[in-house]
Structure formats: structure tokens, C-alpha cells
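First up is the structure itself, then whatever we jot down about it.
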Amino acid sequence: MPSSTAIFWPVIAQVALIHAVYFLMLTRRTRAVRAGLAKPQDYWVPAIEPAPSATAARSLVNQFELPVLFFLVCILLYVTAGVSHAVLAVAWLFVLSRLAHAYVHVTSNRLKIRQRLFVTGFVFNFTLWVLFAAHIAGV
């Protein structure tokens, strides 16, 4: 059994990804304003936003959807002493899938690839919840 706090390294990595996407969005929005493609007030209610910053903003929203369930299950696994090598492997695979998803989202934004990466992350997240359920059921 690994150290139970090891579950927080993939959590930290996921949080680092969120911060990186925030930074990218800020950078792209600043560039859009400086290039005259947008005005600061365009971001008050960003219904119309230049594609590069809109893509980063949407990617950021994605980081607060499925990953919220990831954060919760990691905390629950820690609290109930359910961290195992299998849990850690799946947690890292989830984070890697989210990293790849975010990369595709803010670069080529190819929907088929993004969708496959999302589904992969979804399966890893679901697997973590199944492992948690098995742990608390004593299986």
C-alpha cells in the first residue's frame, strides 16, 4: 500500500493544469485586446470573443466539470484509507487524459480527438468511483 498522501500528487497536477489554462486564457485575451481584435468590455459578458481566447475559456470551463468529481473521489479515498497502487495509476491516467484533452482543446481543437480524450478521462473517473465503492463495500 503506497502512502495515502500520494493521491494528492495527481490532484496537484490537475490543479497545475487548471492554473496553466487560466494563464493561457489571460494571455490570449490580453493579446486580442492589444491586437485590436477585442475590447476589454467584450469580456464582461463574453458572448463574442476571438477564437483563440474563447477556446482557452471553454477549456477552462471543462476543467471545472469532470475534474470536480475527480477531486472529490481523491479526497474520499484519502479519508477512508482507500489509496492503492491501482487507484494511483488510474488517478494519474485521468490527469494525463485531461492534460491531453486541454492541449487538443487549446491547439488544433479537433473535436473527434477531443471527444475520445474526454471519454477516456470519463472512463478513468468512473473507474476511480468504482474502486472507491468497492473499497467502502469491503470488496
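Descriptive notes on the structure:
- Single condition S97 does not satisfy, out of (1) at pLDDT below 95; (2) surrounded by 18 or more Cβ atoms within 10 Å (Cβ to Cβ): (1)
- For region 71-80, the condition holds for no residue, the condition being that it is surrounded by fewer than 19 Cβ atoms within 10 Å (Cβ to Cβ), more than 26 Å from T5 (Cβ to Cβ), aromatic (F, W, Y) and modelled with pLDDT of 95 or more.
- Region 56-82: number of residues that are out of contact with any His (no Cβ under 9 Å at 6 or more places or on another chain) and either of a type in the set (D, E, K, R) or under 17 Å from N109 (Cβ atoms) (or both): 5
- L88 vs. criteria surrounded by fewer than 20 Cβ atoms within 10 Å (Cβ to Cβ), within 14 Å of the chain's Cα centre (by Cα) and either at pLDDT 95 or above or on the phi < 0 side of the Ramachandran plot (or both): no
- Cβ-Cβ distances below 8 Å connect the following pairs, each with a first residue in region 118-139 that is of a type outside the set (A, V, I, L, M), a second residue that is loosely packed, with under 15 Cβ neighbours inside 10 Å, and a separation of six or more residues or different chains: F132/T80; H135/T80.
The values are calculated or read from the model by the stated rules, or taken from the named source; none is laboratory data. Here the structure is a predicted model, which is why all the values come from computation and not from measurement. A quick note on method: Cβ atoms are made from the backbone with ideal geometry, for glycine too, and the neighbour counts reach across all protein chains shown.
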